[in-house]
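J.: The structure that follows is given in the form of structure tokens.
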Amino acid sequence: MSDLSHVALVTGGSRGIGRTIAETLAKDGFEVYLTYVSRPEEADKVVAAIEEAGGKARAFKLDSGDSAAIGEFFKEEIKGKVALDVLVNNAGITRDGLMMRMKDEDWDKVIRINLTGCFAFLKEASKIMGKQRFGRIVNITSVVGQMGNAGQANYSAAKAGLIGLTKSAARELAPRSITVNAVAPGFIETDMTADLPEKAVEAMLAQIPLKSLGQSEDIAAAVSFLAGPGAGYITGQVIGVNGGMYM
């Protein structure tokens, strides 16, 4: 067993679902590295909460759309310094709009951060995990990557692409005992959904057989399972956490 710290890296781990994933993995015994782009005070709050609960965590400002910066981060903070057991590709953005009116830059930015950035993290993590001959990679996709959504052509395409990336990476990395899976959240209760009009929420609930929005803890629980010892024979799978929203 390596004497190095056993780290779970969570991208976009300062708020929302990412924060809950980070806190859950810390409870599972991992030292958590989380990345953020803005609002360092939010990242500091997550680190403080984890440490107050007896865990270990560090926060790093890192743009998930900058592949060169991601490579440098792995060189400076990960390689040879810690045992990277888990990568959770959670960071993502939305730039919603009808396809016929969508600006090219809104398409490009969503694809770059939500898909290309995940590839960059996965690529760098696989080099380290490959040498360790162990690793767990969990990509956070979305139900809209499976069913599509009007006004989210860019986001849906990125999340659908992430499913294909997950399945291909799972096949490539399996010989080195690295599993690669995806979790596909449905409609999850967040700060964003809290601000939606009542009619919009009712329309969402009408699509969900369980008739309730999911919680960030539901997503974190699925990630925790896939990152743990009980999921050692699961790879290349997409786990839907969506209250029954299958199309």
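J.: Pick out, from the range 191-234, the helices (runs of 4 or more DSSP H) lying fully within it that include 1 or more residues that are under 30 Å from F30 (Cα atoms) and touching a Ser or Thr at 6+ places or on another chain (Cβ under 8 Å).
T.: Hits in the range 191-234: 216-227.
J.: Can you spot a residue in the range 94-105 that is closer than 12 Å to S64 by Cβ and in a helix (DSSP H, G or I)?
T.: No: zero hits.
J.: Between a residue in the range 163-181 that is in a helix (DSSP H, G or I) and any residue that is among the small types (G, A, S) and surrounded by 21 or more Cβ atoms within 10 Å (Cβ to Cβ), which pairs come within a Cβ distance under 8 Å, given they are 6 or more apart or on different chains?
T.: Partner pairs satisfying both residue conditions: I163/G145; I163/A182; I163/A184; T166/A182; L173/G135; R176/G135.
J.: While we're here: Working only within the range 123-162, note down all residues that are buried (at least 24 other Cβ atoms within 10 Å of the Cβ), in a helix (DSSP H, G or I) and of a type in the set (D, E, K, R).
T.: Across the range 123-162, the qualifying residue is only K159.
J.: Step by step: first the residues of the range 224-235, then only those that are surrounded by fewer than 17 Cβ atoms within 10 Å (Cβ to Cβ) and not hydrophobic (A, V, I, L, M, F, W, C), then the one that is nearest to the chain's Cα centre (by Cα). Which residue is that?
T.: Step by step, filter the range 224-235, then rank; the result is G228.
J.: While we're here: Can you tell me which residue is nearest to Y233 (Cα to Cα) among those in the range 179-199 that are modelled with pLDDT under 80 and charged (D, E, K, R)?
T.: D191
J.: Okay, moving on. Are any residues in the range 1-21 part of a loop (DSSP other than H, G, I, E, B) and either of a type in the set (S, T, Y) or buried (at least 24 other Cβ atoms within 10 Å of the Cβ) (or both), and if so, which ones?
T.: Within the range 1-21, S2, S5, T11, G12, G13, S14 qualify.
J.: Would you mention how many residues in the range 57-78 are in contact with a Phe, Trp or Tyr (Cβ under 9 Å, 6 or more places away or on another chain) and in a helix (DSSP H, G or I)?
T.: Of the residues in that region, 6 qualify.
J.: Also, quick follow-up: What is the one condition in (1) over 20 Å from F119 (Cβ atoms); (2) touching a helix residue (DSSP H, G or I) at 6+ places or on another chain (Cβ under 8 Å); (3) not β-branched (V, I, T) that R101 does not satisfy?
T.: (2)
J.: Would you check which residues across the range 22-56 are outside any helix (DSSP H, G or I), more than 24 Å from F119 (Cα to Cα) and within 20 Å of the chain's Cα centre (by Cα) and list them?
T.: D28, G29, R39, K56
J.: Also: Test of understanding: among L205, L162, which residue is farther than 17 Å from M129 by Cα, within 15 Å of the chain's Cα centre (by Cα) and not small (G, A, S)?
T.: Testing whether each residue is farther than 17 Å from M129 by Cα, within 15 Å of the chain's Cα centre (by Cα) and not small (G, A, S) leaves just L162.
J.: Sticking with this one: Where the second residue is part of a helix (DSSP H, G or I) and among the hydroxyl-bearing types (S, T, Y) and the first is within 14 Å of A68 (Cβ to Cβ) and lies in the range 108-123, which pairs have Cβ atoms under 8 Å and are six or more apart or on separate chains?
T.: Final answer for the pair search is T116/S67; G117/S67; A120/S67.
J.: If S67 meets every condition in (1) closer than 25 Å to K131 by Cβ; (2) buried (at least 18 other Cβ atoms within 10 Å of the Cβ); (3) among the polar types (S, T, N, Q) apart from one, which number is that one?
T.: Of the numbered conditions (1) closer than 25 Å to K131 by Cβ; (2) buried (at least 18 other Cβ atoms within 10 Å of the Cβ); (3) among the polar types (S, T, N, Q), the odd one out for S67 is (2).
The values are calculated or read from the model by the stated rules, or taken from the named source; none is laboratory data. Predicted, not measured: the structure shown is a model, and the values here were computed from it. Cβ: placed from backbone, ideal geometry, glycine included. Neighbour counts: every protein chain shown.
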